[in-house]
Structure formats: C-alpha cells, structure tokens
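The values are calculated or read from the model by the stated rules, or taken from the named source; none is laboratory data. Quantities reported herein were computed from a predicted structural model and do not represent experimental measurements. All Cβ positions, even for glycine, are placed from backbone atoms using ideal geometry, and neighbour counts span all protein chains on display. To get the accessible areas, we keep the full protein, side chains included, count just its heavy atoms, and leave off ligands, DNA and RNA. Shrake-Rupley method; radii C 1.70, N 1.55, O 1.52, S 1.80 Å.
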Amino acid sequence: MVIFLSPSKSMNFKPIDTIVRVTQPQFSNEAYSIMQQLISFSASDISKLEHLSFKLAYAAFEFNQQFFNANQIVKPAIFTYSGTVFDKLNPYLFTTAQLLFVEKHLRIFSALYGLLRPFDLIHPYRLDMHNGLIDDLYSFWSDKVTTSAMEALMDDDCILINLASAEYFEMLTTSYFSQNCQILTPIFKQEKRGKLLVNSFKSKEARGLMTRFIIENQISDPEYLKGFMEQGYAFSQDLSANDEWIFIR
C-alpha cells in the first residue's frame with residue numbers, strides 16, 4: 001500500500017535532529033532542466049505571470065537564482081513541506097520503525113521534481129502544476145511519474161491510497177496501471193445545515209491525519225482505514241463506492 005500526497009507551497013528549511021538515510025530525487029536532471037527555464041524569469045515576470053505579490057515573487061526569484069549554488073541548503077522532502085497536510089502529519093514525531101515504513105510507503109508529487117520519495121533532498125522552490133511560467137508540465141511529467149509510481153506500487157501490493165489533490169493526482173495516467181492495482185481515494189465531508197460538503201482546508205487536515213494514522217499503525221490492508229476516526233470522522237459505507245471512500249463528521 002503506497003500513499004500519495006501533494007506538496008505544499010510553504011517550506012521549512014530549519015535543520016532537523018532526526019537521522020534518516022537521505023536519497024537523491026529520481027528526476028534530478030529533469031528538475032534541473034525545468035529550473036534552467038525558471039531562472040530566466042525576473043521577479044517582476046514571476047509576479048505578473050503567477051499573480052503573486054512582489055514579496056512572494058521575489059522570494060521565488062531568489063530560490064531560482066540560488067538553485068545551482070553548491071552551498072544552497074537542501075533537506076528531505078517530508079521534513080521540508082510545511083503546509084496543512086504536513087503540519088497534521090508531523091513527521092518529526094515518528095519513531096525509527098515508522099520512518100522506515102514511511103520510506104517505503106509514501107510518495108510526494110512535485111511540479112519541479114516529479115515524484116519524490118520522503119527522504120529525497122530538495123531545494124527551496126515555488127512551482128505548481130498550473131502556472132504561468134512553464135508550459136504543460138502534465139505532458140512533461142506524465143509518463144515519467146506514472147512509470148515511477150507503477151514501480152513503487154509493484155514493489156508493494158499495488159494498492160494506491162490517493163490523499164493528493166486533484167491538481168497533482170492528474171499527473172498519473174492511471175489507465176496504464178495493472179488491472180490488479182487498486183486505487184482508493186478517501187474523501188472527507190462536513191455536515192452543515194443538513195448537507196454534506198467538502199471543505200478544502202478541513203480536507204487537507206484530514207488527509208494529513210489519515211496519512212499519520214496509516215503510518216503510526218503501519219497499515220497495509222486498506223480495510224483498516226475504515227477505523228479512522230480522528231476529529232470526529234466516521235466511515236460511511238452507504239455513501240462510499242469501490243474507489244471512493246467517504247468519511248463524514
């Protein structure tokens with residue numbers, strides 16, 4: 001069972017005390033190729049094309065310009081991303097055994113790096129799949145990321161737990177997967193005024209919490225996901241389908 005997550009825009013490059021066996025991104029050369037294009041954009045270009053404040057655009061510009069600096073800071077991906085999902089995941093609290101489980105059973109999409117293992121060393125960057133700087137990253141990444149994902153799944157039991165956003169999961173061409181592979185997407189809904197709605201922020205929180213639930217319990221059988229009850233969620237058999245499991249609260 002392999003969990004797939006989206007990256008976050010926010011990153012934290014403070015040093016970590018946790019000792020892990022770091023790895024290099026599988027698609028470093030491709031990332032360098034993309035960055036060669038990104039370094040040609042000025043801060044003003046980035047601000048205009050990405051609809052960012054100049055402050056954020058200048059930070060992205062600085063990331064790009066420093067990318068090839070030999071002294072540029074790098075850090076394992078799972079400890080670098082610091083958005084809502086990763087805040088709830090909180091990998092700093094994992095035991096050694098849990099980190100070994102993470103290494104095998106977690107993958108993180110990236111517009112710059114394609115598909116990352118949790119302990120791949122990454123640079124500061126800011127890039128989404130939908131951006132105004134690089135044309136059609138989906139075409140660029142689809143075959144590479146799909147092949148890499150298939151290899152990870154075949155090394156396991158070919159069960160994919162999709163806890164990524166639609167923006168990033170679209171990188172995969174799932175029609176290439178073996179018919180024996182199972183793709184399961186948990187969906188989290190909130191009851192409000194008699195209706196069940198998806199709240200983006202709360203869904204991110206739940207995806208992080210479910211990922212943590214899987215890792216802490218080292219779950220390999222997706223049936224055990226039905227026991228997820230963090231923050232009052234409960235699995236709904238009636239609302240769920242074979243490939244979409246609905247959790248409500």
Positions within the range 86-100 being open to solvent by 20 Å² or more (accessible area, probe 1.4 Å) and either of a type in the set (Phe, Trp, Tyr) or touching a residue at least 24 places away in the same chain (Cβ under 8 Å) (or both), in sequence order
Asp87, Lys88, Asn90, Tyr92, Ala97, Gln98
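Restricting to the range 233-243, name every residue that is of a type outside the set (A, V, I, L, M) and open to solvent by less than 80 Å² (accessible area, probe 1.4 Å). Walk me through how you get there before you give the answer.
Our first condition is that a residue be of a type outside the set (A, V, I, L, M); within the range 233-243, this holds for 233, 235-238, 240, 242-243.
Residues satisfying the conditions are Tyr233, Phe235, Ser236, Ser240.
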From the list Ser200, Ser139, Ser178, which residue is open to solvent by 10 Å² or more (accessible area, probe 1.4 Å) and touching a Leu at 6+ places or on another chain (Cβ under 9 Å)?
Ser178
Any residue in the range 120-135 that is surrounded by 15 or more Cβ atoms within 10 Å (Cβ to Cβ) and closer than 25 Å to Ile219 by Cα?
yes
List every residue pair whose Cβ atoms sit under 7 Å apart, with the two residues 6 or more apart in sequence or on different chains, where the first one lies in the range 193-207 and is in contact (Cβ under 8 Å) with a residue 40 or more places away in the chain and assigned to a helix (DSSP H, G or I) and the second, anywhere, is surrounded by 18 or more Cβ atoms within 10 Å (Cβ to Cβ) and basic (Lys, Arg).
Glu205/Lys88
Name every residue in the range 81-95 that is of a type in the set (Ser, Thr, Tyr) and either modelled with pLDDT under 95 or assigned to a loop (DSSP other than H, G, I, E, B) (or both), in order of residue number.
Ser82, Tyr92, Thr95
Please work out which one of (1) surrounded by 14 or more Cβ atoms within 10 Å (Cβ to Cβ); (2) over 16 Å from the mean Cα position of the chain (by Cα); (3) assigned to a loop (DSSP other than H, G, I, E, B) is the condition Lys189 fails and give its number.
(3)
Taking first residues from the range 221-237 that are part of a helix (DSSP H, G or I) and second residues anywhere that are open to solvent by 60 Å² or more (accessible area, probe 1.4 Å) and modelled with pLDDT under 95, the pairs with Cβ under 7 Å that are 6 or more apart or on different chains are Gln231/Arg249; Gly232/Arg249
